[in-house]
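First up is the structure itself, then whatever we jot down about it.
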Amino acid sequence: MSASPILITGGAQRLGRHCAERLIDEGHPVIVSYRREREALEALRRRGVVTLQADFDSQAGIEDFLERLKAETSSLRAIVHNASDWAPDVAGPEAGDNFERLFRVHMLAPYLINLGARELLEACSEPMRDIVHMTDFVASKGSRKHAAYAASKAGLENLTLSFAAMYAPSIQVNAIAPAMIMLNEDDDEAYAEKARAKSAMGLIPGPGVIHQSLRYLLDNRYVTGITLPVDGGRHLR
Ligand SMILES: NC(=O)C1=CN([C@@H]2O[C@H](COP(=O)(O)OP(=O)(O)OC[C@H]3O[C@@H](n4cnc5c(N)ncnc54)[C@H](OP(=O)(O)O)[C@@H]3O)[C@@H](O)[C@H]2O)C=CC1
Ligand SMILES: Nc1nc2c(c(=O)[nH]1)N=C([C@H](O)[C@@H](O)CO)CN2
């Protein structure tokens, strides 16, 4: 019986892509969702990753993705809800649209996909099945400039508790709450210095620590309903 694939949403770049590549190295079949085509997807396809286009900005887009996912596979070993938009708050008439869009990508998409893909996880013949929500340290702290983003991640963190209770014991549901893991292209050294100083560990670790955390959750059959902080001790500063 061939292994069931692991779905990573937003897996075309950065943390999601890194985890997809590591999971392929570890022998898992992988499906990634992406919004925009790019060269990195060709590299993933050459390694056998199945790529499905998805735009979670609308409920219709989420439901369309779910239908194409069900047409692609009859089972799933795990779902990693990684797709995310780190959009800052906007002032004026766009504020509400921005909030609603972040609610859709960070809460509605995981909610509808968890409900709609439950049958795929239950069909997995392997001993363990997992859902992992990528949240954020700021879900527990708030953010002056990303209040809508932080609130939507807090909602995703709460969905972890509900789905863990609903889906036990056959499916484990957990979250990973990173702080600064990797810089963005336009971040300069001054920004990096400030970012490093925010955590007790004083470093920007790169995506390997997220793969390690995902590996821990995938391999542990006695952990569900938790949020695993991966933040270098941000809460200690
Ligand atoms: N990087 C970090 O330091 C931190 C990351 N995190 C969390 O970890 C996860 C991974 O972070 P990172 O790799 O930086 O994420 P990215 O910012 O690179 O986003 C990942 C992917 O999400 C996709 N995406 C964004 N909006 C939508 C949408 N509306 N519909 C479908 N796909 C969408 C993008 O697709 P496309 O590019 O094709 O448009 C993008 O490739 C995220 O959930 C993030 O919030 C939390 C704290 C720190
Ligand atoms: N979808 C994303 N979410 C977040 C990102 C990102 O690049 N994409 N980056 C961060 C920052 O690293 C932040 O943790 C710095 O304090 C947060 N979320």
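The values are calculated or read from the model by the stated rules, or taken from the named source; none is laboratory data. Quantities reported herein were computed from a predicted structural model and do not represent experimental measurements. Heads up, the Cβs are rebuilt from the backbone with ideal geometry, glycines too, and the neighbour counts pull from every protein chain shown. These area figures cover heavy atoms from the full protein model, side chains too; ligands, DNA and RNA do not enter into them. Shrake-Rupley method; radii C 1.70, N 1.55, O 1.52, S 1.80 Å.
Numbers for the structure displayed
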quantity	calculated
Leading residue at positive end of dipole, the range 27-78 (Cβ point charges), from Ile62, Leu41, His28	His28
Between 0 and 90°, nearest 10: helix 59-72 axis offset from the chain longest Cα axis	40 degrees
Gyration tensor (alpha-carbon) shape descriptor, the range 107-237, a/c threshold 1.5	prolate
Accessible area of Val32 in the full protein assembly, 1.4 Å probe (Å², nearest 10)	0 Å²
Largest to smallest accessible area among Arg118, Arg36, Arg46 [probe 1.4 Å]	Arg46, Arg36, Arg118
Theoretical ellipticity at 222 nm over the chain - DSSP helices of four or more residues, -39500 (n - 2.57) apiece, nearest 500	-12500 deg cm²/dmol
Low-density loop positions, GluC sites (Glu not before Pro), the range 1-75 - DSSP coil, at most 12 other Cβ in 10 Å	Glu26, Glu37
Asp97 accessible area, assembled protein chains, probe 1.4 Å, Å²	90 Å²
Lysine pairs meeting the criterion (Cα under 30 Å, 8 or more apart or interchain), as found in the chain	9
Relative contact order for the chain, counting Cα pairs under 8 Å that sit 6 or more residues apart, in percent	18 percent
Ranking by accessible area, most exposed first, for Tyr167, Tyr191 with a 1.4 Å probe	Tyr191, Tyr167
Positive-end residue, the range 79-135 charge dipole about Cα centroid, Cβ charges, pick of His106, Ala83, Leu120	Leu120
Cα-centre dipole for the range 6-230 with unit charges at Cβ (Lys and Arg positive, Asp and Glu negative), debye to 20	500 debye
Area accessible to solvent at Glu100, 1.4 Å probe radius, in Å²	100 Å²
Average accessible surface area per residue within the range 6-230, 1.4 Å rolling probe, Å²	47 Å²
Cα gyration tensor, the chain - rounded (a/c under 1.5), prolate or oblate	rounded
Protein-only accessible surface order, largest first, of Lys145, Lys153, Lys70, Lys198 at 1.4 Å	Lys145, Lys198, Lys70, Lys153
Fraction of accessible area attributable to carbon and sulfur, the range 88-127 (%, probe 1.4 Å)	61 percent
